[in-house]
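**Student:** Sharing a structure, written as structure tokens. Questions coming.
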Amino acid sequence: LYTREEVKRHRTPQDRVWVTHGTEVFDVTDFVELHPGGADKVLLAAGGALEPFWALYAVHSQPHVLELLREYKVGELSPEEAPPSPDAAQDPFAGDPPRHPGLRVNSLKPFNAEPPAQLLAERFLTPNELFFTRNHLPVPAVDPGSYRLQVEGPGGRALSLSLSELRGRFPKHEVTATLQCAGNRRSEMSRVRPVKGLPWDIGAISTARWGGARLRDVLLHAGFGEHREGEWHVCFEGLDVDVGGSPYGASIPYSRAVSSASDVLLAYEMNGEELPRDHGFPVRVVVPGVVGARSVKWLRRVAVSPAESPSHWQQNDYKGFCPSVDWDTVDYRTAPAIQELPVQSAITQPPAGAAVPPGELTVKGYAWSGGGREVVRVDVWTLWELRAPVAAGEELEIVCKAVDASYNVQPDTVAPIWNLRGVLSNAWHRVRVSVS
């Protein structure tokens with residue numbers, strides 16, 4: 001019997017490569033080099049579960065694959081995990097959920113991580129376990145039985161909805177939507193000049209099929225009309241709070257919240273399952289086409305307001321500035337909060353610095369644009385693939401860019417769009433490889 005922590009210690013051929021499937025534990029070290037998809041694909045799952053990776057490749061569901069896997073079985077997962085250390089109660093992050101070791105971690109406390117980049121172009125939907133995670137504070141532990149969502153504001157009546165009422169009183173609506181962190185590809189901006197923020201590569205973007213109640217339906221049920229004179233907003237607060245008790249918060253324009261075309265959800269399902277804790281259990285906001293910072297997780301309050309959310313993350317973060325503005329001159333009041341994101345694309349295969357064989361080179365990647373704008377070369381949140389001949393001895397720079405339906409195009413370099421927070425990084429993506 002093994003704990004998950006013991007399995008996590010076996011992630012390299014030197015330490016042996018262990019994986020789990022269901023409750024079984026396998027030592028697949030001797031199979032790594034035999035894997036038809038390449039050793040690198042097996043090593044992505046090292047120390048963790050096979051299921052989210054196998055979901056990307058239907059061939060693994062065949063009986064002979066499981067028979068082959070069982071040849072490498074070394075034990076079972078222990079029904080009881082090791083208890084937390086005595087001082088764990090002093091750590092506000094001690095109650096965070098377990099995570100898949102295949103994620104590329106940018107910070108542990110709070111937890112922020114992205115999936116392996118090469119997986120993003122393998123399948124339209126990102127498995128829940130590998131969906132990028134952006135947390136600002138400790139993950140709250142929420143009892144679904146006592147959970148209540150407060151809805152309030154001038155011009156409507158206050159609601160206090162239980163999870164069962166949200167599920168039963170409002171029609172379930174589903175939408176496939178991509179969420180992207182404002183800091184996606186920040187690491188490229190850091191190479192121009194230092195920025196403050198997590199060093200996201202190209203993986204702070206993922207897609208899921210979300211299910212829940214339309215925010216529009218809830219607001220109309222509470223008596224808020226479809227149209228309001230003047231500037232109005234819908235503010236969200238989460239159950240995640242800082243040491244002073246202030247919650248994470250954000251807001252979107254009222255017009256988007258009640259639009260029948262915007263598909264803003266109070267989501268309680270993700271890819272056909274209940275929301276994982278890292279992604280907002282039991283309820284989160286999902287605002288398609290808008291920066292992920294507005295899709296507030298662990299939602300506790302929805303408030304219609306004549307002003308934007310007063311939250312730090314709405315007022316003093318997630319805003320873009322010109323390259324001449326730095327920390328000694330920035331005034332956050334002078335810039336609007338980011339809502340829709342600009343057109344974006346990136347190369348997921350081959351990885352930067354790879355040595356590739358001569359002949360036909362397969363290049364894959366993604367392309368996406370905010371606000372529901374399609375990418376006219378292909379499609380919205382597009383997975384694309386190109387095959388091109390390459391000759392031995394060449395040093396290649398592979399470049400990709402996207403153009404959306406409004407003919408917005410990615411800028412060719414990072415320097416003109418550099419900003420002190422490293423947000424909105426969407427220059428042409430470049431990958432250098434050698435043909436060996």
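**Student:** Which ones in the range 98-124 are open to solvent by 50 Å² or more (accessible area, probe 1.4 Å) and of a type in the set (Phe, Trp, Tyr)?
**Tutor:** Phe124
**Student:** Checking the structure you have, find out if any residue of the range 129-139 is open to solvent by 20 Å² or more (accessible area, probe 1.4 Å), of a type outside the set (A, V, I, L, M, F, W, C), without any contact (Cβ under 8 Å) to a residue 40 or more places away in the chain and within 20 Å of Arg186 (Cα to Cα).
**Tutor:** Looking through the range 129-139, none of the residues is open to solvent by 20 Å² or more (accessible area, probe 1.4 Å), of a type outside the set (A, V, I, L, M, F, W, C), without any contact (Cβ under 8 Å) to a residue 40 or more places away in the chain and within 20 Å of Arg186 (Cα to Cα).
**Student:** Sticking with this one: Counting only residues that are touching a Ser or Thr at 6+ places or on another chain (Cβ under 6 Å) and charged (D, E, K, R), how many does the range 1-56 have?
**Tutor:** Count: 1.
**Student:** Residue by residue through the range 149-185, note down the ones that are within 30 Å of Ala117 (Cβ to Cβ) and among the β-branched types (Val, Ile, Thr). Before the answer, list the steps.
**Tutor:** Initial filter on the range 149-185 (within 30 Å of Ala117 (Cβ to Cβ)): 174-185.
Selection gives Val175, Thr176, Thr178.
**Student:** Might you let me know whether the range 200-219 holds any residue that is farther than 11 Å from Arg134 by Cβ, open to solvent by 10 Å² or more (accessible area, probe 1.4 Å) and in a loop (DSSP other than H, G, I, E, B)?
**Tutor:** Taking the range 200-219 and keeping what is farther than 11 Å from Arg134 by Cβ, we get 201-203, 207-219.
When the remaining residues are screened for being open to solvent by 10 Å² or more (accessible area, probe 1.4 Å), the result is 201, 209, 214, 216-217.
Next, only the ones that are in a loop (DSSP other than H, G, I, E, B) stay: 201.
Yes, some residue in the range 200-219 is farther than 11 Å from Arg134 by Cβ, open to solvent by 10 Å² or more (accessible area, probe 1.4 Å) and in a loop (DSSP other than H, G, I, E, B).
**Student:** Let me ask something additional. Determine whether the range 175-186 contains at least one residue that is open to solvent by 20 Å² or more (accessible area, probe 1.4 Å) and farther than 26 Å from Arg430 by Cα. Don't jump to the end; show me each part of the working.
**Tutor:** Of all residues in the range 175-186, those open to solvent by 20 Å² or more (accessible area, probe 1.4 Å) come to 176.
Checking the rest, the ones that are also farther than 26 Å from Arg430 by Cα come to 176.
There is at least one residue in the range 175-186 that is open to solvent by 20 Å² or more (accessible area, probe 1.4 Å) and farther than 26 Å from Arg430 by Cα.
**Student:** Which residues, taken from the range 187-196, are open to solvent by less than 50 Å² (accessible area, probe 1.4 Å) and part of a loop (DSSP other than H, G, I, E, B)?
**Tutor:** Val195, the sole residue that qualifies.
**Student:** Another question, then. Given (1) within 30 Å of Ser162 (Cα to Cα); (2) buried (at least 16 other Cβ atoms within 10 Å of the Cβ), where does Val356 come up short, assuming only one miss?
**Tutor:** It is condition (1) that Val356 fails.
**Student:** Do we find a residue being over 23 Å from the mean Cα position of the chain (by Cα) and surrounded by fewer than 16 Cβ atoms within 10 Å (Cβ to Cβ) anywhere in the range 273-282?
**Tutor:** Restricting attention to the range 273-282, the residues satisfying the condition of being over 23 Å from the mean Cα position of the chain (by Cα) are none.
No; the residues of the range 273-282 include none that is over 23 Å from the mean Cα position of the chain (by Cα) and surrounded by fewer than 16 Cβ atoms within 10 Å (Cβ to Cβ).
**Student:** Quick check on my filter: what residues within the range 14-36 are in contact with a helix residue (DSSP H, G or I) (Cβ under 6 Å, 6 or more places away or on another chain), at pLDDT below 95 and open to solvent by 50 Å² or more (accessible area, probe 1.4 Å)?
**Tutor:** Result: Glu33, single match.
**Student:** Something else now. Working carefully through the options Ala367, Ala337, find the one that is touching a helix residue (DSSP H, G or I) at 6+ places or on another chain (Cβ under 6 Å) and either modelled with pLDDT of 90 or more or within 17 Å of Leu120 (Cα to Cα) (or both). Let's see the steps before the verdict.
**Tutor:** Working: Ala367 fails: touching a helix residue (DSSP H, G or I) at 6+ places or on another chain (Cβ under 6 Å).
Selected residue: Ala337, the only one of Ala367, Ala337 that is touching a helix residue (DSSP H, G or I) at 6+ places or on another chain (Cβ under 6 Å) and either modelled with pLDDT of 90 or more or within 17 Å of Leu120 (Cα to Cα) (or both).
Here's the yes/no breakdown for (1) in a strand (DSSP E or B); (2) surrounded by 18 or more Cβ atoms within 10 Å (Cβ to Cβ); (3) in contact (Cβ under 8 Å) with a residue 12 or more places away in the chain:
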position: Asp326; (1), (2), (3): no, no, yes
position: Glu360; (1), (2), (3): yes, no, yes
position: Leu386; (1), (2), (3): yes, no, yes
position: Val399; (1), (2), (3): yes, no, yes
position: Ser406; (1), (2), (3): no, no, yes
position: Gly422; (1), (2), (3): no, yes, yes
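**Student:** Moving to a separate point now. Could you tell me which residue of the range 143-170 is farthest from the chain's Cα centre (by Cα), considering only residues that are hydroxyl-bearing (Ser, Thr, Tyr) and open to solvent by less than 30 Å² (accessible area, probe 1.4 Å)? Don't jump to the end; show me each part of the working.
**Tutor:** First pass over the range 143-170, keeping only residues hydroxyl-bearing (Ser, Thr, Tyr): 146-147, 160, 162, 164.
Filter once more, keeping what is open to solvent by less than 30 Å² (accessible area, probe 1.4 Å): 147, 162.
On the way: Tyr147: 25, Ser162: 27 Å.
So, considering only residues that are hydroxyl-bearing (Ser, Thr, Tyr) and open to solvent by less than 30 Å² (accessible area, probe 1.4 Å), the one farthest from the chain's Cα centre (by Cα) is Ser162.
**Student:** Surrounded by 15 or more Cβ atoms within 10 Å (Cβ to Cβ), under 19 Å from Ser425 (Cα atoms) and not hydrophobic (A, V, I, L, M, F, W, C), is that true of Lys297? Before the answer, list the steps.
**Tutor:** Working: surrounded by 15 or more Cβ atoms within 10 Å (Cβ to Cβ): yes; under 19 Å from Ser425 (Cα atoms): no; not hydrophobic (A, V, I, L, M, F, W, C): yes.
Considered against the rule, which asks whether it is surrounded by 15 or more Cβ atoms within 10 Å (Cβ to Cβ), under 19 Å from Ser425 (Cα atoms) and not hydrophobic (A, V, I, L, M, F, W, C), Lys297 comes out as no.
**Student:** Further, regarding this structure: Within the range 221-253, restricting attention to residues that are assigned to a loop (DSSP other than H, G, I, E, B) and of a type in the set (Asp, Glu), which residue is nearest to Arg301 (Cα to Cα)?
**Tutor:** Taking the range 221-253 as the starting set, the residues that turn out to be assigned to a loop (DSSP other than H, G, I, E, B) are 222-232, 242-246.
Retained after the next criterion (residues that are of a type in the set (Asp, Glu)): 226, 229, 231, 242.
Values: Glu226: 20, Glu229: 23, Glu231: 20, Asp242: 16 Å.
Out of the qualifying residues, it is Asp242.
The values are calculated or read from the model by the stated rules, or taken from the named source; none is laboratory data. It should be emphasised that the depicted structure is a prediction, and the values quoted were computed from it without experimental measurement. Cβ atoms come from the backbone with ideal geometry, glycine included; neighbour counts cover every protein chain shown. Side chains included, ligands, DNA and RNA excluded: accessible areas come from the protein's heavy atoms. Shrake-Rupley method; radii C 1.70, N 1.55, O 1.52, S 1.80 Å.
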